[in-house]
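Dropping a structure here in structure tokens format, bear with me for questions.
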Amino acid sequence: MKIDPWSSATYQDYARLRDEFGIQEFTEDLWKDLPHPHRLLRRGVVFGHRGFQTIHDAIMHHEPWAILTGLMPSGRMHLGHKMVIDEVMYYQSLGADIFIAVADIEAFATRGFTLEETRELAVNEYILNYIALGLKPDRCRIYFQSKHQDVKDLAFLLGKKVNWSQMVATYGFEGSTNMAHIFSPLVQTGDILHVQLEKFGGVRPTLVPVGVDQDPHIRLSRDIAQAHRLYNVTVTKDKKIGVFVKVDENVEKLLDHAEDVLRRLRFTDLKRITDYKAIYLTSATEADISGIDTALAHTEPRFCGYGFLQPSSTYHRFITGLTGEKMSSSKPESAIFLTDSPSEAKKKIMNSKTGGAVTLAEQKKSGGKPDECMIYELFLYHLVEDDNDLKTIYESCKKGKLMCGSCKAQAAEQMSKFLVDLQGKRTQAMEKMKEYLK
Ligand code: TRP
Ligand code: SF4
């Protein structure tokens, strides 16, 4: 199996996907003690992660951290797209610096849009809705890939440590793939890592919340971040902890500096072997590695390194379309767009696939199947905030007490309220646009 970030697959079997690609399970201990955990975390919609512990710890210790995510401006914004921004706003409320990339280069390279078309879609569909939904302007920056010189510079420079075979293995590129497309994962790596440049807040943990289709880009960014480090901290063959200098310039200076850092962290018993470009620590254990690594990373910019910490990621499930297939902008009946009128949304909801039985009598007898119901998904992902209310719907459905007709009507009613409210907020959002596009 291969994850293709440019296909339109739905990925039903998330657990298998997770195991196959070495994505970690998003377990309760990662979110339980966060302040007022978001419903998408509580309900298992976010099902996997890489390196989220770092983010968890930064939140708990009130240390600086950043979010970087991106939007593909290639169609209208629907409920599936709303999930990422819901997550982003939650993390913004916990103090994260927010960066949002408009992937106009990627849309140009892979979907055949002009940059002008993507600008129009990004502004009127996405950014306007983000603001209306409640994204705050402070410590938040939305930018276009094609206009961000630092991102593009990084894309070029970071490409030094990736080769063609790796790109083919990851993305299945062929001789006929256009070069802008081939380059777009590096632009995305530029997006993800630029937030750790001095100018944008410096070296710090970064979270990239995405759908699982984006995992190849995450792996690439994590590999590249690691590859550009000046130091490597690891367990040696004889089970000691070693700090290694990875480059050939300034080796003495880098070893001196690492010794200082290690002493400051109160490690004694340092054994330096300059020929191996190494310092061995006899008193350290595996549990110390991440602390040492982070301390060294922060100092790398002084030696013309980047010191990038590996970006962390979370993966959410995709909401199913109302028709039972993928929710997609290209199939309007499958999606509820944030700019749908209440009556359009109502019509789609009324025609939606549910987990109801064939006849009313049958459903009263054996109940419905909320786990296979698109209406229930609307409640779970978007419409019902209170977990107990959601549980009541689930159980009433299973017991055959709730019928699909009234259930759909309830969903339509709530959706309509949401859309009307958003519509109102959107009209004021245009004036605020400038505060976000810094
Ligand atoms: N490739 C993403 C998509 O198809 C968009 C994107 C661009 C992105 N840069 C990003 C996502 C950085 C996360 C992080 O939707
Ligand atoms: Fe879905 Fe509601 Fe019907 Fe149950 S009663 S199957 S939750 S629409």
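Please state which one of Gln428, Gln410 is surrounded by 13 or more Cβ atoms within 10 Å (Cβ to Cβ), away from ligand 1 (no atom under 16 Å from the Cβ) and among the polar types (S, T, N, Q).
Working: Gln428 fails: surrounded by 13 or more Cβ atoms within 10 Å (Cβ to Cβ).
Exactly one of Gln428, Gln410 is surrounded by 13 or more Cβ atoms within 10 Å (Cβ to Cβ), away from ligand 1 (no atom under 16 Å from the Cβ) and among the polar types (S, T, N, Q), namely Gln410.
For segment 314-358, name all the residues that are open to solvent by less than 70 Å² (accessible area, probe 1.4 Å) and polar (S, T, N, Q).
Thr314, Thr320, Thr323, Ser328, Ser329, Ser334, Thr339, Ser341, Ser352, Thr354
Looking at the structure I just gave you, is Asp223 touching a Phe, Trp or Tyr at 6+ places or on another chain (Cβ under 8 Å), modelled with pLDDT of 95 or more and under 25 Å from Gln53 (Cα atoms)? Steps first, answer last, please.
Values: touching a Phe, Trp or Tyr at 6+ places or on another chain (Cβ under 8 Å): no; modelled with pLDDT of 95 or more: yes; under 25 Å from Gln53 (Cα atoms): yes.
Spelling it out, it is not the case that Asp223 is touching a Phe, Trp or Tyr at 6+ places or on another chain (Cβ under 8 Å), modelled with pLDDT of 95 or more and under 25 Å from Gln53 (Cα atoms).
Something else about it: Might you check whether a residue that is more than 16 Å from the chain's Cα centre (by Cα), part of a loop (DSSP other than H, G, I, E, B) and surrounded by fewer than 12 Cβ atoms within 10 Å (Cβ to Cβ) occurs anywhere in segment 9-18?
There is at least one residue in segment 9-18 that is more than 16 Å from the chain's Cα centre (by Cα), part of a loop (DSSP other than H, G, I, E, B) and surrounded by fewer than 12 Cβ atoms within 10 Å (Cβ to Cβ).
Could you tell me how many of the residues in segment 372-393 are surrounded by fewer than 19 Cβ atoms within 10 Å (Cβ to Cβ) and either near ligand 2 (Cβ under 10 Å from one of its atoms) or at positive phi (or both)?
Counting residues in segment 372-393 that are surrounded by fewer than 19 Cβ atoms within 10 Å (Cβ to Cβ) and either near ligand 2 (Cβ under 10 Å from one of its atoms) or at positive phi (or both) gives 1.
Which of (1) touching a residue at least 12 places away in the same chain (Cβ under 8 Å); (2) open to solvent by 70 Å² or more (accessible area, probe 1.4 Å) does Ser283 not meet, given it meets every other one?
(2)
The values are calculated or read from the model by the stated rules, or taken from the named source; none is laboratory data. Remember, it's a predicted structure, so these values are computed and weren't measured experimentally. Ideal geometry is used to build each Cβ from the backbone, glycine not excepted, and the neighbour counts take in all protein chains shown. Note: accessible area is taken over every heavy atom of the protein model, side chains too, but ligands, DNA and RNA are not part of it. Shrake-Rupley method; radii C 1.70, N 1.55, O 1.52, S 1.80 Å.
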